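Student: This is the structure I want to talk about, given as structure tokens.
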Amino acid sequence: MPEPQLRAAVIGAGWYAAQNHIPALAARPEVVLDGVCRLGRDELERVRHHFGFAFASERFEDVLARKPDIVVVASPHQLHYRHAAAALEAGAHVLCEKPLTLDPAEAWDLVAKAEARGRHLVTANGYQYLPRVDDLRRRIVEGAVGAIEHVMVSFISATRDVFTGERGLDSWRTTFFRPDRSTWQDPANGGGFAYGQLSHALAMMYFLTGLEPDTITAFAVSPDRVDVAEAGALRFTNGAVASISGAAAMPQGNRGLLRLFITGDAGMLTAAFDRDECEIKRFSGEVERLPLTEGDWIYRCDGPVNALVDLALGRGANLSPGAIGARTAATIAALLQSATAGGAPRPILGRQS
């Protein structure tokens, strides 16, 4: 029996949507590229013609009026809530780029909207879909290191030119579109390292540990108002603590450095995503190494797109659910507030009952 056909729409067909999301959708035989939306008539026609969308409009309302089954929201950060909320209300399963929103309350509202309508909300965090990562999460949840007491997470990526200059990434020279500087360099619109990159590390931390954040104190380095480095201390609701840090400091052409240490009352885990290495050491003397091969943990983001398609077909798993996206967005908002206040502790908004 042939697979059912899913009508897909894309809102915000800019740099990354054209580079990753749309090709990943087009590679799925179950998907029909139905509607696409972006500003700029020439650019819109270019993407419609190149990928073969049936319909195109600069108005996202026109695209949603066609009742797509799945929607990818890849518009600028400050528009995520409006577009994702409208897509959920139109009855679609939604993949939203990170950060899920800039306002934590809006992020949690998206989670509630998806649940109320029985729709899936996926956040575009690709690390969770890399080989063995879900197995690693399961082991931690089942007590691989015992009750978690401490987490250290750090991410250093080759993005300084994205947040501070006009050059951008060398790889952009061959992309379908070049990113708009206002998306990445305007703090009012979520520009900067915290929303653009540290969000990956925080999402991984919440995915692996399942912990709920409570309070954070943090500092940031922000030349020309745009943050390029952060460091903070975070307390979870169960009393565990975390140190989080990151910087746009890796020279271009090098793999991003993502490291986690998770310690508990039975041992510790180290995960070096930049080296494809993971080791668990227990107080019993047992040492376990995750079976990884070179390149397994190189970042890619087709996983969330394929998850959206599979979930809409009634199978698969959401490894980057909206709730993790909301915790991440709430953490970054509180982190930046704390940094602005000279490191004063700030509460992290949780889901409201």
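Student: Report, ordered by the first and then the second residue, all pairs with beta carbons closer than 8 Å, sequence separation of six or more or different chains, a first member in the stretch 338-352 that is under 27 Å from residue 110 (Cα atoms), and a second member that is hydrophobic (A, V, I, L, M, F, W, C) and part of a loop (DSSP other than H, G, I, E, B).
Tutor: Cβ pairs passing all conditions: 338/344.
Student: With (1) surrounded by 24 or more Cβ atoms within 10 Å (Cβ to Cβ); (2) in a strand (DSSP E or B) as the list, and residue 7 as the residue in question, which single condition is left unmet?
Tutor: Tallying (1) surrounded by 24 or more Cβ atoms within 10 Å (Cβ to Cβ); (2) in a strand (DSSP E or B), residue 7 fails exactly one: (1).
Student: What are the residues in the stretch 225-277 that are closer than 15 Å to residue 211 by Cβ and among the charged types (D, E, K, R), if any?
Tutor: Scanning the stretch 225-277 gives 235, 265.
Student: If we keep just the residues of the stretch 179-226 that are acidic (Asp, Glu) and at pLDDT below 95, which is farthest from residue 79 (Cα to Cα)? Step through it out loud before you land on a result.
Tutor: Here is the first cut: in the stretch 179-226, the residues acidic (Asp, Glu) are 180, 186, 212, 214, 224.
If we keep only those that are at pLDDT below 95 as well, we get 180, 186, 224.
Numbers: 180: 14, 186: 14, 224: 24 Å.
Per the criteria, the residue is 224.
Student: Which members of the stretch 273-290 meet the condition of being crowded, with 16+ Cβ neighbours inside 10 Å, of a type in the set (A, V, I, L, M, F, W, C) and within 17 Å of residue 145 (Cα to Cα)?
Tutor: 278, 280, 290
Student: Only one of (1) in a helix (DSSP H, G or I); (2) touching a His at 6+ places or on another chain (Cβ under 8 Å); (3) farther than 17 Å from residue 204 by Cα fails for residue 119. Which number is that?
Tutor: Failed condition: (1).
Student: Name the one entry in 224, 276, 265 that is free of Cβ contacts under 8 Å to residues at least 60 places away in the same chain and farther than 18 Å from residue 345 by Cα. I'd like the intermediate steps shown before the answer.
Tutor: Numbers: 224 fails: free of Cβ contacts under 8 Å to residues at least 60 places away in the same chain; 265 fails: free of Cβ contacts under 8 Å to residues at least 60 places away in the same chain.
Exactly one of 224, 276, 265 is free of Cβ contacts under 8 Å to residues at least 60 places away in the same chain and farther than 18 Å from residue 345 by Cα, namely 276.
Student: Related question: Do the conditions hold for residue 30, that is, is it over 24 Å from residue 110 (Cβ atoms), assigned by TED's automatic domain parsing to the domain that holds residue 107, of a type outside the set (A, V, I, L, M, F, W, C) and at pLDDT below 95?
Tutor: Working: over 24 Å from residue 110 (Cβ atoms): yes; assigned by TED's automatic domain parsing to the domain that holds residue 107: yes; of a type outside the set (A, V, I, L, M, F, W, C): yes; at pLDDT below 95: no.
In short, no.
Student: Considering the stretch 65-87 alone, what residues qualify as being buried (at least 24 other Cβ atoms within 10 Å of the Cβ) and farther than 21 Å from residue 191 by Cβ?
Tutor: 68, 70, 71, 72, 87
Student: For the condition within 22 Å of residue 350 (Cα to Cα) and not in a loop (DSSP other than H, G, I, E, B), what is the one hit in 136, 79? Quick ask: steps written out before the conclusion?
Tutor: On the way: 136 fails: within 22 Å of residue 350 (Cα to Cα).
Of 136, 79, the one residue that is within 22 Å of residue 350 (Cα to Cα) and not in a loop (DSSP other than H, G, I, E, B) is 79.
Student: Sticking with this structure for a sec: Can we say residue 141 is among the aliphatic types (A, V, I, L, M), touching a residue at least 24 places away in the same chain (Cβ under 8 Å) and not assigned by TED's automatic domain parsing to the domain that holds residue 332? Let's see the steps before the verdict.
Tutor: On the way: among the aliphatic types (A, V, I, L, M): yes; touching a residue at least 24 places away in the same chain (Cβ under 8 Å): yes; not assigned by TED's automatic domain parsing to the domain that holds residue 332: no.
No; evaluated as a whole, the condition is false for this residue.
Student: Also: Please state which of the following conditions residue 309 fails to meet, knowing it meets all the rest: (1) at pLDDT 95 or above; (2) surrounded by 14 or more Cβ atoms within 10 Å (Cβ to Cβ); (3) more than 27 Å from residue 19 (Cβ to Cβ).
Tutor: That leaves (3) as the condition not met.
Student: Is it the case, given these coordinates, that residue 54 is surrounded by fewer than 19 Cβ atoms within 10 Å (Cβ to Cβ), of a type outside the set (Ser, Thr, Tyr) and at pLDDT 95 or above?
Tutor: yes
Student: So residue 137 fits all but one of (1) of a type in the set (D, E, K, R); (2) surrounded by 21 or more Cβ atoms within 10 Å (Cβ to Cβ); (3) within 21 Å of residue 297 (Cα to Cα); what number is the exception?
Tutor: (2)
Student: I would also like to ask the following. Run down 14, 35, 40 and say which single residue is touching a residue at least 40 places away in the same chain (Cβ under 8 Å) and either within 26 Å of residue 319 (Cβ to Cβ) or not hydrophobic (A, V, I, L, M, F, W, C) (or both). Break it down into steps so the answer makes sense when it comes.
Tutor: Working: 35 fails: touching a residue at least 40 places away in the same chain (Cβ under 8 Å); 40 fails: touching a residue at least 40 places away in the same chain (Cβ under 8 Å).
The conditions single out 14.
Student: Check residue 91 against each of (1) over 24 Å from residue 187 (Cβ atoms); (2) in contact (Cβ under 8 Å) with a residue 24 or more places away in the chain; (3) in contact with a Leu (Cβ under 8 Å, 6 or more places away or on another chain); (4) not β-branched (Val, Ile, Thr) and name the one condition it does not meet.
Tutor: Unmet for residue 91, out of (1) over 24 Å from residue 187 (Cβ atoms); (2) in contact (Cβ under 8 Å) with a residue 24 or more places away in the chain; (3) in contact with a Leu (Cβ under 8 Å, 6 or more places away or on another chain); (4) not β-branched (Val, Ile, Thr): (3).
Student: Looking only at the stretch 292-300, decide whether some residue is surrounded by 14 or more Cβ atoms within 10 Å (Cβ to Cβ), more than 20 Å from residue 135 (Cα to Cα) and not charged (D, E, K, R). Working first, answer last.
Tutor: We begin by selecting, within the stretch 292-300, every residue surrounded by 14 or more Cβ atoms within 10 Å (Cβ to Cβ); these are 292, 296-297, 299.
Now narrow it down to the ones that are more than 20 Å from residue 135 (Cα to Cα): none.
Looking for residues that are surrounded by 14 or more Cβ atoms within 10 Å (Cβ to Cβ), more than 20 Å from residue 135 (Cα to Cα) and not charged (D, E, K, R), one finds none in the stretch 292-300, hence no.
Student: How many residues does the stretch 68-88 hold that are more than 19 Å from residue 31 (Cβ to Cβ) and either in contact (Cβ under 8 Å) with a residue 40 or more places away in the chain or among the aromatic types (Phe, Trp, Tyr) (or both)?
Tutor: Total satisfying the criteria: 7.
Student: Please list, ordered by first then second residue, the pairs with beta carbon atoms under 8 Å, 6 or more apart or interchain, first in the stretch 237-250 and under 12 Å from residue 216 (Cα atoms) and free of Cβ contacts under 8 Å to residues at least 60 places away in the same chain, second polar (S, T, N, Q) and buried (at least 21 other Cβ atoms within 10 Å of the Cβ).
Tutor: If the second residue must be polar (S, T, N, Q) and buried (at least 21 other Cβ atoms within 10 Å of the Cβ), no pairs are left.
The values are calculated or read from the model by the stated rules, or taken from the named source; none is laboratory data. If you're wondering where the values come from, they're calculated on a predicted model, not measured in any experiment. Cβ coordinates were reconstructed from backbone atoms using ideal geometry, including for glycine residues, and neighbour counts include every protein chain displayed.
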